[in-house]
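Trainee: Mind having a look at this structure? Questions to follow.
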Amino acid sequence: MKCNHCGAALKSNTSKFCPECGADITEQKVKAKRRSKKILFIIVPVLVLVAVLSVFFFIAKGKFTPENTVASFEEAVEQEDAGMLADLLTPAHDSLEITEENTALFITYLKDHPTAYEELLSRLHNQVEFIKSTPEKSNGTAYLDDMYGTVNIRQDGKEWLLFDGYQLQVVPAFIKLNTANKDVQLLINGEVAGTSTEEDFTDTYGPFMPGSYEAMANFENDYSQVEEKVEIELFTMRQDTVEESFKLPISEISVESLLDGYTLAVNGEKTDIEIQEGEQTVGIFPTDGSVSYSFHKDFPWGEVSSEEEPLESNYVGLDTVNALTPEMQTNIMEQLNTTIAEYHQALAEKDVSIMKTGVTNKMKDTLKERQKNIAKKYPEYQGKLIRAEYDLSKISNPEFDEKLDAYTITMRAHYIFYEPVENLGWLLADREKDEYTRSRELELVYDEDAEQWKLDTYENEYFIITSSDEKAFDL
């Protein structure tokens, strides 16, 4: 030990004063102890800090590794934690927005496709080995091997200014949809992506996260709906876009009509589409037979409809619609039987007032003239209607007569009369039975006030009726 004042060597640690300069050795000892404690207080924390930093460094160095990044990816997928995985992922395409929603769909795809999931993990592990084996510790680009619809790991920047940082970068893909039809809605996973504005329409949508997507083409109007769906897989692809084409069985429909004033009905429901005589387009409809069509028109005697038929062509013809149902036709024929029977009874009894059933004033006037002629020529005339045969193929469709301001129809019939004294002419005759057949063409007018078809003209016309077209009444 030395004296702090003069530097002389002290022979005894118990001396209180320096033998050379007389300085107080006790006070020097106290100050030395104080200096030793100060040094100790400085060195110990520094050593502790160095130890802590060393531990922290080695822990952090182990944390920020590509292996841990891939492990975190696996953990998020296994736990189906979309939030955790979304935080790990970064987009390789600026327009791709990574959300918990599309990340959840990505997780679902991986869970539902374990083989694809294993391939992705193998790809990531291979990239980790590549990163570790290169001096730059980088795989160069997220578009490694030019694969799309995948995830790559790459070194990117520093963590805490000291450690290499690693990113899981999503390489998205796009969906290109084509449709041959106009006005078709294009949907991806139930959300509208676009609408075709022309025939042979094509557009590209995206970018999308890797996974499986449902693309749908949907056409719908007020009267019909048709759709087509297809599953699209965006995963580890050599091209950045998957293309799908739709050709819905729809077409612009043309109606060629010989009739006027009918309304189009689709699947039994009337539309607001009025059919006029000539050719017209009525809109776009499915032509695969999934919808049916018919035509309807209101007449004074009720609504008339064509038969309902499946739509299987882009052309529809409206040539004829039977405006008189079979029941209506039968009613008209039965009424005519009564009218013709009254007509000949009036001739025989020379009393025109007998004919009352379903006749116009014009027909009454015709009967008066006929009765006068018969009375002069065949004063003993006796006649009775015993059978009527109508030609069903010659019952015309009602047409509106502007002059009469009413609908008219024409019919043809064979009437067989029993005329024992004189006959009024014949097409066929059975003289032994005194039965005579005459052929007549009849025109009827519809009286809206009376809600009844009325006989207007009753004239000779020679023709035959085939058995297949005949409807007969024995009276």
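Trainee: Looking at (1) in a strand (DSSP E or B); (2) not assigned by TED's automatic domain parsing to the domain that holds GLU422, find the lone condition where GLU389 falls short.
Mentor: (2)
Trainee: Still on this structure, I have one more. Being in contact with a His (Cβ under 9 Å, 6 or more places away or on another chain) and in contact (Cβ under 8 Å) with a residue 24 or more places away in the chain narrows it down to one residue among PHE235, PHE208; which is it?
Mentor: Details: PHE208 fails: in contact with a His (Cβ under 9 Å, 6 or more places away or on another chain).
Selected residue: PHE235, the only one of PHE235, PHE208 that is in contact with a His (Cβ under 9 Å, 6 or more places away or on another chain) and in contact (Cβ under 8 Å) with a residue 24 or more places away in the chain.
Trainee: Take segment 317-337 and flag every residue that is farther than 30 Å from GLU459 by Cα and surrounded by fewer than 15 Cβ atoms within 10 Å (Cβ to Cβ). Quick ask: steps written out before the conclusion?
Mentor: So in segment 317-337, the residues farther than 30 Å from GLU459 by Cα come out as 317-318.
Answer for segment 317-337, where residues must be farther than 30 Å from GLU459 by Cα and surrounded by fewer than 15 Cβ atoms within 10 Å (Cβ to Cβ): just GLY317.
Trainee: Which number in (1) buried (at least 17 other Cβ atoms within 10 Å of the Cβ); (2) touching a helix residue (DSSP H, G or I) at 6+ places or on another chain (Cβ under 9 Å) marks the one condition that GLU233 misses?
Mentor: For GLU233, the failing item is (1).
Trainee: If you don't mind, another one. Taking ASP288, is it outside the structural domain of ILE188 (by TED's automatic domain parsing), modelled with pLDDT under 95, loosely packed, with under 15 Cβ neighbours inside 10 Å and within 30 Å of TYR205 (Cβ to Cβ)? Spell out how you get there, then give the answer.
Mentor: Numbers: outside the structural domain of ILE188 (by TED's automatic domain parsing): yes; modelled with pLDDT under 95: yes; loosely packed, with under 15 Cβ neighbours inside 10 Å: yes; within 30 Å of TYR205 (Cβ to Cβ): yes.
Considered against the rule, which asks whether it is outside the structural domain of ILE188 (by TED's automatic domain parsing), modelled with pLDDT under 95, loosely packed, with under 15 Cβ neighbours inside 10 Å and within 30 Å of TYR205 (Cβ to Cβ), ASP288 comes out as yes.
Trainee: Only one of LYS433, LYS454, LYS403 is touching a Gly at 6+ places or on another chain (Cβ under 9 Å) and basic (Lys, Arg); which?
Mentor: Numbers: LYS433 fails: touching a Gly at 6+ places or on another chain (Cβ under 9 Å); LYS403 fails: touching a Gly at 6+ places or on another chain (Cβ under 9 Å).
Going through LYS433, LYS454, LYS403 in turn, the sole match is LYS454.
Trainee: Can I ask one more? Restricting to segment 395-420, name every residue that is among the charged types (D, E, K, R), surrounded by fewer than 16 Cβ atoms within 10 Å (Cβ to Cβ) and either on the phi < 0 side of the Ramachandran plot or assigned to a strand (DSSP E or B) (or both).
Mentor: Restricting attention to segment 395-420, the residues satisfying the condition of being among the charged types (D, E, K, R) are 399, 401-403, 405, 412, 419.
Remaining after also requiring surrounded by fewer than 16 Cβ atoms within 10 Å (Cβ to Cβ): 399, 401-403, 405.
Residues satisfying the conditions are GLU399, ASP401, GLU402, LYS403.
Trainee: Moving on. Loosely packed, with under 12 Cβ neighbours inside 10 Å, among the aromatic types (Phe, Trp, Tyr) and over 20 Å from ASP351 (Cα atoms): is that true of TYR390 in this structure? Break it down into steps so the answer makes sense when it comes.
Mentor: On the way: loosely packed, with under 12 Cβ neighbours inside 10 Å: no; among the aromatic types (Phe, Trp, Tyr): yes; over 20 Å from ASP351 (Cα atoms): yes.
Spelling it out, it is not the case that TYR390 is loosely packed, with under 12 Cβ neighbours inside 10 Å, among the aromatic types (Phe, Trp, Tyr) and over 20 Å from ASP351 (Cα atoms).
Trainee: Among the strands (runs of 3 or more DSSP E) confined wholly to segment 181-271, which include 2 or more residues that are closer than 19 Å to TYR293 by Cβ, hydrophobic (A, V, I, L, M, F, W, C) and in contact with a Phe, Trp or Tyr (Cβ under 8 Å, 6 or more places away or on another chain)?
Mentor: Working: elements: 185-188, 191-195, 201-208, 211-220, 225-234, 241-246, 250-257, 262-266.
Per the criteria, 250-257, 262-266.
Trainee: Quick one: in segment 292-316, of everything that is touching a residue at least 60 places away in the same chain (Cβ under 8 Å) and under 30 Å from LEU444 (Cα atoms), which residue is surrounded by the most Cβ atoms within 10 Å (Cβ to Cβ)?
Mentor: TRP301
The values are calculated or read from the model by the stated rules, or taken from the named source; none is laboratory data. Worth saying up front: this structure is predicted, and the values here are computed from it rather than measured. No Cβ is skipped: glycine too gets one built from the backbone with ideal geometry, and neighbour counts run over all protein chains shown.
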